[in-house]
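**Q** Structure provided below as structure tokens; questions to follow.
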Amino acid sequence: MSTATVANGGALDVSRTSKVPMSRLITVELRKMVDTRAGLWVLITIGVVTLLGVAIFGLAASDGEKTFNNFMGFTGGIQGLLLPVLGILLVTQEWGQRTAMVTFTLEPHRGKVIAAKIYASLLIGFAAFLVAVGGAALAAVVFGGGSGFDDLIAVDFLKFGLLQASGVLQGLAYGLLFLNSAVAIVTYLVLPLVFSIISSVVPAMQDAAPWVDLGTAQTPLFNLGALSGEEWAHVLVTALIWIVVPFVVGLWRVLRAELK
Amino acid sequence: MIKLEGVTKTYGDFTAVSDVSFVAQPGRVTGFLGPNGAGKSTSMRIMVGLTPPDRGTSTIGGLKYHDIPNPGRHVGVLLDASAQHAGRTGREVLTLSALTMGLPVSRVEEMLTLVGLTGPEAKRRVRNYSLGMRQRLGIANALLGDPSVLILDEPANGLDPAGIHWMRSLLRGYAERGGTVLLSSHLLHEVEMIADELVLIGHGRIVAQGTKAELLQTAGTFVKAEYPDKLAAALAEVGLKALPSGDGGLRTESEPIEVGRVAAAAGLVLSELRPAEGAGLEELFLELTGDTARESVTVEGVQA
């Protein structure tokens, strides 16, 4: 029996117990990403595929294309596909494996747990960003002879970081919304395809695409240079539709969900 | 101390628990007994805030579960031994809980030793665990934070007799040191072995509660006669209701001496006449579990 909780007429003495700090929850969530085979392999795949992609691009592309930014855009495309899967798994594994019962009894404030998952996956996203930037810089020196750094401005890094973060958050949002790995991953992969099919048949959709399609709106983020005001508006509006709204609905669902 | 007051939870037309009130006291092992689907698990999920009740309140040591800081340090919970990530090792499952609670990792080894999951077993992934091993892991997880209250849903499920004996001494020692233990079961003999206090639930309602001694002690008589039908008829004549009770015996709610007098007056030979000890709880429990079975028998009888 812990000295802190000796029964005093049956009342709990919680005066000497502090709440679970956010830092501890984040540590636990980071650990959950690597302590299963599925999570570990997604991380390893992200790292290996990023570096492999850089090497292939470096060998195959024409000399003029071997700029730092092109390398970074290439790695960003690969990571943009895989990072959301990580975000999805971090949420859905709790439901698929029913560990949410344990997680939410150890920290009954579910919003705090979700916040820890957001921080943890953004940290992983940032680590992936560093690997991508480092790999791209190395590749630009090795393959491009170090000449590909012209025209690079700070906002390009910001844009690239934004891309990674939005991918991670989109994954979390879909995970929260569907609470099922397969459904969330398939929806995440299939929705853009469905959209491009629709817009190829319906011409009106092509004009609307930058305002409703995340992929179209985010394309300028891959390119060099600052975005125009309208382009930023595209990014924000599509993020609202595909990230913020599913996230809010999913969060509402998880906060209210009954766990069995 | 766990306290439920007027807790009700409905799902559409189905009432899972209805006006459930009881107290689990410190220093006692309280058995929460009822057939499957009686509302035990729903009540326990309400206690730990996983299910919001429609009405009523549930507190632990005077606090709502949500208001207990770092609740793993005060309340040990095992709701479903299978609710663990199949891809994690037993040690990893406990390590995640220990990290959340802010406990040293050495505590994980202590608990693994306590529940007998040592060496290679702790390194195996949970998908390769038997139900009994999962229960042991779940109990280790509940005890990890050295809590003063334990809430265990069907903890003996999947344990062999030796395992049940082990758990009994573990929980008894725990209660003797002042802890509050609430454990559920759908098996009467299991709870009889472990618990001091009993709370019986059926169809979402509390049907009986008290100490084991109180509930096991019931008035009534068990009687066996040469001609049971004649005895039943003789008893019915003086207004005593008798029900068949296995082995050709009868059970009545009156005292043995009254039954003896009726038999003597009717000139019937008895082979057994004694107070019906400990049968009350069992009958009550059979009544709760046997509803569906009896209904089908009645239907057949009507058709015939």
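**Q** Taking the number of other C-beta atoms within 10 Å as the exposure measure, put A:T67, A:T103 in order starting with the fewest. All intermediate terms of the calculation are to be shown ahead of the outcome.
**A** Values: A:T67 20, A:T103 23.
Sorted ascending by nearby Cβ count, the order is A:T67, A:T103.
**Q** Still on this structure, I have one more. Which percent, to the nearest 5, of DSSP beta bridges fully inside chain B are antiparallel?
**A** Values: 32 of 49 bridges.
Once the DSSP bridges in chain B are tallied, antiparallel ones form about 65 percent.
**Q** Return the distance in nm (one decimal) between the two label points of a simple spin-label model at A:I56 and A:A208, each offset 7 Å from Cα along Cα→Cβ.
**A** Distance between label points: 3.5 nm.
**Q** Continuing with this model, one more query. Just to compare against my own numbers: the Cα pair-distance distribution for segment A:1-123, 10 Å bins, whole % per bin, please.
**A** For segment A:1-123, the pair-distance distribution reads 11, 30, 23, 18, 10, 5, 3, 1.
**Q** Skipping prolines and chain starts, which residues have an amide H placed within reach, meaning under 5 Å, of the one on B:G27, given they are 5 or more residues away or on another chain?
**A** Placed amide hydrogens put B:G178, B:G179, B:T180, B:V181 under 5 Å from B:G27.
**Q** Over the Cα atoms of chain A, compute the convex hull volume and normalise it per residue, giving Å³.
**A** Numbers: hull volume 43.8 nm³, N = 260.
Considering the Cα atoms of chain A, their hull volume per residue is 168 Å³.
**Q** Stretched out fully, how many nm does the piece from A:V186 to A:F157 gain, at 0.36 nm a residue minus the Cα gap? Let's see the in-between values first.
**A** On the way: separation 29, 0.36 × 29 = 10.44 nm, distance 2.96 nm.
Fully extending the segment from A:V186 to A:F157 adds 7.5 nm.
**Q** Taking every residue in B:38-47, how many Cβ atoms of other protein chains lie within 10 Å of its Cβ, on average? Write out the running numbers ahead of the final one.
**A** Details: counts 0, 0, 0, 1, 2, 0, 0, 5, 1, 1.
Taking all residues of B:38-47 together, the mean is 1.
**Q** Give me the one-decimal Kirkwood hydrodynamic radius in Å for segment B:1-136, with the sum taken over alpha-carbon pairs.
**A** 16.8 Å
**Q** Also, quick follow-up: Two decimals is fine: what is log10 I(q)/I(0) at q = 0.12 Å⁻¹ for the protein assembly as shown, from a Debye sum with one equal scatterer on every Cα and no solvent?
**A** Ignoring solvent entirely, the Cα scatterers give -1.13.
**Q** Now for a different question. Residue by residue through segment A:51-58, which ³J(HN,Hα) values in whole Hz follow from phi under the Karplus form 6.51 cos²θ - 1.76 cosθ + 1.60 (θ = phi - 60°), with glycine and proline marked x?
**A** Running phi through 6.51 cos²θ - 1.76 cosθ + 1.60 with θ = phi - 60° gives 5, 5, x, 4, 5, 5, 4, x Hz.
**Q** Same structure again: How do A:Y119, B:Y227, B:Y11, A:Y174 rank when sorted from fewest to most other Cβ atoms within 10 Å of their own Cβ?
**A** Values: A:Y119 16, B:Y227 13, B:Y11 10, A:Y174 29.
Lowest to highest Cβ neighbour count: B:Y11, B:Y227, A:Y119, A:Y174.
**Q** Sticking with this one: What are the radius of gyration and Dmax of segment A:75-119, computed over its Cα atoms and given in Å?
**A** 12.8, 39
**Q** Shifting gears a bit: Using every alpha carbon pair in segment B:17-80, what percent of pairs falls into each 5 Å bin from 0 up to the bin containing the largest distance?
**A** Each 5 Å bin holds this share of Cα pairs: 3, 15, 27, 29, 19, 6, 1.
**Q** By its C-alpha gyration tensor, with a ≥ b ≥ c as the square roots of the eigenvalues, how is segment A:141-210 shaped: rounded for a/c under 1.5, else prolate for a/b larger than b/c, else oblate?
**A** Values: a/c = 2.57, a/b = 1.53, b/c = 1.69.
The shape class here is oblate.
**Q** Label points 7 Å out from Cα along the Cβ direction at B:V23 and B:T118: separation in nm?
**A** Each label point is offset 7 Å from its Cα along the Cβ direction, giving 4.2 nm.
**Q** Per residue of segment B:173-189, in order, report the coupling 6.51 cos²θ - 1.76 cosθ + 1.60 (Karplus, θ = phi - 60°) as ³J(HN,Hα) in whole Hz, putting x for Gly and Pro.
**A** 3J(HN,Hα) across segment B:173-189, in whole Hz: x, 5, 5, 5, 7, x, x, 9, 10, 10, 10, 9, 6, 9, 10, 4, 5.
**Q** Quick one: length gained pulling A:L123 to A:V194 fully straight, 0.36 nm per residue minus the C-alpha distance? Spell out each step's value before the answer.
**A** Numbers: separation 71, 0.36 × 71 = 25.56 nm, distance 3.10 nm.
In short, 22.5 nm is gained.
**Q** Can you compute 3J(HN,Hα) from phi for each residue in segment B:115-123, using the Karplus curve 6.51 cos²θ - 1.76 cosθ + 1.60 with θ = phi - 60°, rounded to whole Hz and x for Gly and Pro?
**A** 3J(HN,Hα) across segment B:115-123, in whole Hz: 8, x, 9, 10, x, x, 4, 5, 8.
**Q** Take the alpha carbon gyration tensor of segment B:101-202, find the square roots of its eigenvalues, order them as a ≥ b ≥ c, and report rounded if a/c is under 1.5; if not, report prolate when a/b exceeds b/c, else oblate.
**A** Details: a/c = 2.09, a/b = 1.37, b/c = 1.52.
Taking the square roots of the gyration eigenvalues as a ≥ b ≥ c, segment B:101-202 is oblate.
**Q** Right, another one. Report the Cα-based extents of chain B along its three principal axes, largest first, to the nearest Å.
**A** Per principal axis, max minus min of the Cα coordinates gives 76, 42, 42 Å.
**Q** Report, to one decimal in Å, the Kirkwood hydrodynamic radius for segment B:88-139 based on all distinct Cα pairs. Mind dumping the intermediate values first?
**A** Details: mean 1/r = 0.0927 Å⁻¹.
With all distinct Cα pairs of segment B:88-139 included, I get 10.8 Å.
**Q** Further question on the same structure: Debye sum, Cα scatterers, segment A:148-260, no solvent: what log₁₀ I/I(0) at q = 0.16 1/Å?
**A** Log10 I(q)/I(0), no solvent term: -0.83.
**Q** May I ask you to sort B:M44, B:M193, A:M22 by Cβ crowding, counting other Cβ atoms within 10 Å and putting the fewest first? Kindly include the intermediate steps, with their values, before the conclusion.
**A** Values: B:M44 25, B:M193 16, A:M22 12.
Going from sparsest to densest Cβ surroundings: A:M22, B:M193, B:M44.
Every read-out reported here was derived from the displayed coordinates using simple, explicitly stated rules and does not represent laboratory data. No experiment lies behind these values; they were computed from the predicted model shown. So basically every Cβ, Gly included, is an ideal-geometry build from the backbone, and we count neighbours across all protein chains shown.
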